[in-house]
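To start, the structure itself, in structure tokens.
Please treat every number below as a calculation from the coordinates, not as lab data. On a predicted model such as this, the values are computed, not experimentally measured, just so you know. Quick reminder, even Gly has a Cβ in these numbers, built from the backbone with ideal geometry, and neighbours come from all protein chains shown.
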Amino acid sequence: MHLPPALTSFLLVNIYKAVCATLRIREENREAVDAAHTRGERLIFCLWHDELFSLIPVARHLRVVAIVSPSTDGDYLERILASKNVGAVRGSSTRGGVRALLSLARMMKNELVHACITIDGPAGPRHVAKEGGLFLANRTSGRIVPVRIFMKNALRLPTWDRFQFPLPFSKVVIRFGEPWGEGSQEVPDIEEATMVRTKARLERELHELGAGLIPEENA
């Protein structure tokens, strides 16, 4: 039996909020994020797709916008994000992705808005960085912030990314890396050589952030 979309959205949002309310979240190096925000800097949070679930609740006073697939699943995710005051622009690597990035770049430049990018999404390969976050850094001078998340008790879904769904009352550790200097300096152009170099740096820093935090088989 298929539930009406409105009812499905209602159930998913409330399940999400109920689970998040039980999570025991500890944030590491959050002070670097808040200090950059206080200085008026734009931030681009870059994380792996499978770790997204537990990052959304920590937006708090930050205005964060994510790129969300234009699919039906994206409709549900947009409502879940909205329940935690996280905005969305719609697009994917195959449908409107460049337009979504340009729209998000304009928001970052014209407002104090930060971006959240799952850099191996929306369809992998798993834990291989794509260019979206680096493109934003080049366009906006936003600062890249690598993020890793450990969920002590989580279900891994049979999806391309082995998406993690934390069980209620799970311990969650969110580790923020040091923000890179001005994005336009770190990514001076969007030529292939620059993207290869900066993607390698981002992947390396994400793996280093996970050291001692993420079990090796899940890293």
- For the range 75-177, diffusion coefficient by Stokes-Einstein and Kirkwood Rh (Cα), 4 °C, 1.567 mPa s, µm²/s: 85 µm²/s
- Semi-axes of the range 159-219's equivalent ellipsoid from the Cα gyration tensor, sqrt of 5 times each eigenvalue, largest first, rounded to whole Å? 29, 14, 11
- Relative compactness, the range 118-161, computed as alpha-carbon Rg over 2.2 N^0.38 Å: 1.43
- Task: Give the long-range amide H neighbours of GLY142: residues separated by 5 or more places, or on another chain, with amide H under 5 Å away, using H modelled in the peptide plane at 1.01 Å from N.
- Result: GLY183, SER184
- Net +/- balance of residues flanking THR118 in space, Cβ distance below 10 Å, scoring K and R +1, D and E -1: -3
- Normalised contact order of the chain, rounded percent, pairs of Cα under 8 Å and 6 or more residues apart: 26 percent
- Item | Size of charge dipole - the range 28-178 - debye, nearest 20, with Cβ of Lys, Arg +1 and Asp, Glu -1, no other charges | 120 debye
- Task: Using only the alpha carbons of the chain, determine the length spanned along each of the three principal axes and report them from longest to shortest in whole angstroms.
- Result: 51, 38, 34
- Message: How big is the range 1-123 along each principal axis, measuring the range of its Cα positions in Å and listing the largest first?
- Response: 51, 36, 24
- Message: Just to check I understand the Karplus step: with θ = phi - 60° and J = 6.51 cos²θ - 1.76 cosθ + 1.60, what whole-Hz values come out for the range 131-146, glycine and proline as x?
- Response: 8, x, x, 6, 4, 4, 4, 5, 6, 10, 6, x, 9, 6, 10, x
- Message: With a cap of 12 neighbouring Cβ atoms within 10 Å, and only residues DSSP puts in a loop, list the chymotrypsin sites (Phe, Trp or Tyr not before Pro) found in the range 147-203.
- Response: PHE169
- Task: Amide H neighbours of ALA115 under 5 Å, at least 5 residues apart or on other chains, H built in the peptide plane: list them.
- Result: LEU43, ILE44, PHE45, VAL65
- Item | Unit charges at the beta carbon, dipole of the chain: most positive-side option, GLY210, ALA32, VAL19 | VAL19
- Note on the structure: Checking LEU101, LEU47, LEU155 against a Gaussian network model of the chain (alpha-carbon springs below 10 Å), the top fluctuating residue turns out to be LEU155
- Task: Using θ = phi - 60° and the Karplus relation 6.51 cos²θ - 1.76 cosθ + 1.60, list the HN-Hα couplings for the range 28-39 in order, rounded to whole Hz, with x at every Gly or Pro.
- Result: 10, 6, 4, 4, 5, 5, 5, 5, 5, 4, 4, 6
